[in-house]
1. Compute for the stretch 165-218: radius of gyration divided by Kirkwood radius, i.e. Rg/Rh, restricted to C-alpha atoms, rounded to two decimals.
2. Quick check of the Kirkwood formula: for the stretch 278-323, what is the inverse mean of 1/r over all pairs of different Cα atoms, in Å?
3. Summing -39500 (n - 2.57) over the DSSP H runs of n ≥ 4 in the chain and dividing by its residue number, what mean residue ellipticity at 222 nm do you reach, to the nearest 500 deg cm²/dmol?
4. Please list 130-138, 239-247 highest first by mean number of surrounding beta-carbon atoms within 10 Å per residue.
5. Say each of Arg274 and Gln202 gets a label point 7 Å from the Cα, pointing the same way as Cα to Cβ; how far apart are those two points in nm?
6. Please report, for the Cα atoms of the chain, the Rg to one decimal and the Dmax as a whole number; what are they, in angstrom?
7. Which length gain, in nm to one decimal place, applies between Ala184 and Arg316 when the Cα-Cα distance is subtracted from 0.36 nm times their residue separation?
8. Using Cα positions and a limit of under 13 Å, work out the aspartates and glutamates in reach of Lys208, with same-chain residues fewer than 8 apart set aside.
Amino acid sequence: MSIKIQPEAIASLRGFEMPERLGFGTVMAPVMFRARFQDGRWSDGELLPYGPLALDPAAKVLHYAQSCFEGLKAYRYGDEGIGLFRPERNAARMAHSAQRLCMPPVPESLFMDAVNVVVAHCAGLVPGNSGESLYVRPFLMGTQPDLSVTASRAYEFYVIASPSEAYHPGNMRLWVEREDSRAAVGGTGDAKVGGNYAASLQSISRLKARGYDQSLWLNPGNRHTVDELSGMNFFAVMDGALHTPALNGSILEGVTRESLLTLARDAGLEVHERAIDIDDLLQLVASGTCTEAFACGTAAIVSPISELGDGEQRYRLAQAPGPVAMQLRTALLDIQEGRAEDRFGWMHLV
Ligand code: COI
């Protein structure tokens, strides 16, 4: 596939000024990639200036949420330039999400070319402080104007990017969500689709009013084992061993989750992927057997958890941040930012 670089995209890059404070996902790079799918084939790609999209008001995505997305990061990689972290895992997960919603999977080569062209043109926008990066957001949506509940025949694939800090710097307080579910049994919990995030918003607004930061979602089938947070996976340390919910069809298979498990095993930690009963977990926190907990994700990196709230009860973690969270965070960032040898072949230089 060839990619047409619009002169206006280059001009918009020249005029871009990086703000002093980044936050997460609010500063947008001034270019974006687009490819279209029509009549069973993908068009060539284009690098365009960042800007509003023209969508027919009857486009399927606006009514039936036929869309999926990804999140990955580009880092300043030592003296060698810019490094992307495991982009092929995001390409594979996006293909899985697309298939779940009856969308044509974006071929891995198109995904990689699109991410590469955006990141290469935005190299000057990759922030240099540790923990900061260029957050890259590919997304795919059904654009056919037609109100029948059938799969779209037309799609658009975009890649936008945002120079960002970590999603949730500092400790987090989690609220055990016992009422709502984030995803259904047999639903889209293991696909990265906007509907899962929309379903989490009511819980987030309730918990914010109670002084918490994030929901801890329970499995929608049994309502008593831990699944994940709204945009992060969950880990706990018990008697020195690392525990995380096993993949079960309603948990998103996080790239950071899998990378931390690899790093933990490599460091000789005992690791358990298993069903974690929420009431057992809360008791183990109360008794001091569970000393630390943390969440992880591409956007969040590793975020320590200081408290679990369940109704009126509060359960404080003894260590936040705890040593295991900090050890794994450092090991991960050292690879991503080029301070440690890339022993697992995770980094792709742009
Ligand atoms: C990511 O970590 O890339 C995510 O998608 C979380 C995001 C929804 C904030």
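Quick note: the coordinates plus some simple rules give every number you see, no bench work behind them. Model, not experiment: these values are computed from the prediction. Note that each Cβ is placed from the backbone with ideal geometry, even for glycine, and that neighbours are counted across all protein chains shown.
1. 0.99
2. For the stretch 278-323, the Kirkwood estimate is 11.0 Å.
3. Calculated from helices alone, the mean residue ellipticity at 222 nm is -7500 deg cm²/dmol.
4. Per-residue mean Cβ counts within 10 Å order the peptides as 130-138, 239-247.
5. For Arg274 paired with Gln202, the spin-label model returns 3.4 nm.
6. 20.5, 63
7. 44.5 nm
8. Glu177
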